[in-house]
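A short worksheet on the structure shown next.
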Amino acid sequence: MRSTCRYCEGTRMYIKHKCVECQGKGSTVQRKKVTVPVPAGIEDGQTVRMPLGNKELFVTFRVEKSDYFRRDGPDVHTEAEISISQALLGGTIRIQGLYEDHTLQITPGTSSHTRIRLTGKGMKKVNGYGHGDHYVTFKISAPKHLSKKQRALLQAYAELETETPGQIMGITRKTDGAAAASDEIPLAGSEDKARAEKEEKTSLLSRIKNAIFG
């Protein structure tokens, strides 16, 4: 009948005078601070294996969320607000990037939620070469309050629009689709029509001049 040795407990090694600290195990459990290198481009919840003496340490990273950048793998997304004038006429805007600031060109007639891509300006790829992309979405910011000059200019512009869906407050559409001021009375006859168009242009120019020069 075989049985396990009660001295060595099957380890084939017996320590008569055991160490007080390790109790003959050869190692003790201690707390130690170590420096863990953070790989560039690490993602939230990703685990990295790190050798520590004759052992291995597994570290799971938790990446703090940004109020400005939104991450999608190696790609990042941001939003940039532009004015109505910039959207219509074009221009430039300065935005914050991951590694540096960027000056973006705004093409005339830019619609809201137009997205552009900055190639290679995203996060570094952990398990690959190169970087992701930085996507910027333009959002048109409409002013909540208008001065008298701004309102007069916008009303003058609204009278020139021909493809407006629905109605514009303060602008009345004629039967032919042209815009007219809400207090104007349409006239009949070819001469009256020509006179009305002339008065309309004169009124429009007058409002523009008044808006600019006061």
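In what order do H113, H17 fall by count of nearby beta-carbon atoms within 10 Å, going from fewest to most? If you can, show how the numbers build up before the last one.
Values: H113 10, H17 6.
Neighbour counts put them in this order, fewest first: H17, H113.
How do S111, S141, S66 line up, fewest other C-beta atoms within 10 Å first?
Result, fewest neighbours first: S111, S66, S141.
Fewest Cβ neighbours within 10 Å first, please rank Y68, Y135 accordingly.
Y68, Y135
Pick out, in residue order, every one of the GluC sites (Glu not before Pro) in segment 77-172 that is DSSP loop and has at most 14 other C-beta atoms within 10 Å; say none if there are none.
E100, E161, E163
Past 28 Å, Cα to Cα, is the threshold; run K121/K144; K32/K125; K18/K55; K33/K65; K32/K124 against it and keep the listed order.
As for pairs spanning more than 28 Å Cα to Cα, those are K121/K144; K32/K125; K32/K124.
Sort the following peptides by mean Cβ neighbour count (other Cβ atoms within 10 Å, averaged over residues), highest first: 86-97, 50-61, 2-13.
By packing density, highest mean first, the sequence is 86-97, 50-61, 2-13.
Shape of segment 70-141 from its Cα gyration tensor (a ≥ b ≥ c, root eigenvalues): rounded if a/c is under 1.5, otherwise prolate when a/b > b/c, or oblate?
Prolate is the answer for segment 70-141, as a/c is 1.5 or above and a/b outweighs b/c.
Read-outs: derived from the displayed coordinates by stated rules, not from any lab. Not measured: the values here are computed from a predicted model. Ideal geometry is used to build each Cβ from the backbone, glycine not excepted, and the neighbour counts take in all protein chains shown.
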